[in-house]
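Q: Below you'll find the structure I mean.
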Amino acid sequence: MFKDRIEAGEQLANKLLEFKNNKNAVVVTIPRGGLPIGYVIAKKLNLQLEIVLSKKIGHPLHKEFAIGAVTLNDIILSENARDISNNYIDNETSRIRTILKQRQGMYYGVSTPASFKDKIVILVDDGVATGQTLISSINLIHQQQPSQIIVALPVGPPSVITKINNMASVKNTICLLTPFNFQAVGQFYKEFYQVDDSEVVRLLKEANQTTIDN
């Protein structure tokens, strides 16, 4: 159990100290819940903080139940999408990409997201449930040809963590808690508030304004 995302970020940062001040490493988070954790890690390790934009596709009858995930350029579907109509998936993909484009403009303004080519990417979120959004993000980052991808998470079910760690594009997975009685990410935090867009913008700006160019 973590007090909040800050405590989780501090514990993860302690597992990643080998990357401190590494000019070739970058912390990449999944908005919005991953930002406070990524911010703590980036500050402690003196690394650049970036985001990867992806969002889950919810089941038509149970929106919180993920059947896949979408990025601006990619889509990944789980076995749970087998009986879902292509029309629903296409419409949700279009809707989600509109949201992601809006977020990209909000988070980056007129600037261009950093390239991950030849970088050590430390991919961070506040936890995983199905893993679909995270896997989609890994695939998106892998397309940019980083030198390696390291996944760092506070919590996730053992089966999902094993699946992520077995991905050919992932060099290593760090997960602090892998409980078998997993129901939702929020059950492992005493404080688990909703992170809004204004906090994402603020944390990105603060992290990268104070990063020292070594």
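Q: Answer yes if at least one residue in the range 100-111 is over 23 Å from LYS171 (Cα atoms), touching a strand residue (DSSP E or B) at 6+ places or on another chain (Cβ under 9 Å) and of a type in the set (Lys, Arg), and no otherwise.
A: yes
Q: When you scan the range 54-77, do you find a residue that is at pLDDT 90 or above, assigned to a loop (DSSP other than H, G, I, E, B), hydrophobic (A, V, I, L, M, F, W, C) and under 26 Å from LEU203 (Cα atoms), even just one?
A: Looking for residues that are at pLDDT 90 or above, assigned to a loop (DSSP other than H, G, I, E, B), hydrophobic (A, V, I, L, M, F, W, C) and under 26 Å from LEU203 (Cα atoms), one finds none in the range 54-77, hence no.
Q: Take the conditions in a loop (DSSP other than H, G, I, E, B) and either over 19 Å from PHE19 (Cα atoms) or polar (S, T, N, Q) (or both) and apply them to ALA129. Does it pass? Working first, answer last.
A: Working: in a loop (DSSP other than H, G, I, E, B): yes; either over 19 Å from PHE19 (Cα atoms) or polar (S, T, N, Q) (or both): yes.
When the stated conditions are applied, ALA129 passes them.
Q: If you take the residues of the range 132-161 that are assigned to a strand (DSSP E or B) and not β-branched (Val, Ile, Thr), which of them is surrounded by the most Cβ atoms within 10 Å (Cβ to Cβ)?
A: Filtering the range 132-161 down to residues assigned to a strand (DSSP E or B) leaves 148-155.
From the residues that got through so far, the ones that are not β-branched (Val, Ile, Thr) too are 148, 152-154.
Details: GLN148: 15, ALA152: 25, LEU153: 27, PRO154: 25.
Here the answer is LEU153.
Q: State the number of residues belonging to the range 142-165 that are modelled with pLDDT of 90 or more and within 19 Å of LEU49 (Cα to Cα).
A: Within the range 142-165, the subset modelled with pLDDT of 90 or more is 142, 145-165.
Checking the rest, the ones that are also within 19 Å of LEU49 (Cα to Cα) come to 142, 145-154.
Result for the range 142-165: 11.
Q: Also: Can you tell me which of VAL170, VAL160, VAL195 is of a type outside the set (Phe, Trp, Tyr), within 19 Å of ILE37 (Cα to Cα) and touching a residue at least 24 places away in the same chain (Cβ under 8 Å)? Walk me through it before giving the result.
A: Details: VAL170 fails: within 19 Å of ILE37 (Cα to Cα); VAL160 fails: within 19 Å of ILE37 (Cα to Cα).
The conditions single out VAL195.
The values are calculated or read from the model by the stated rules, or taken from the named source; none is laboratory data. What you are looking at is a predicted structure, and each value in this text was computed from that prediction instead of being measured. Here the Cβ is made from the backbone with ideal geometry for all residues, glycine too, and neighbour counts use every protein chain on show.
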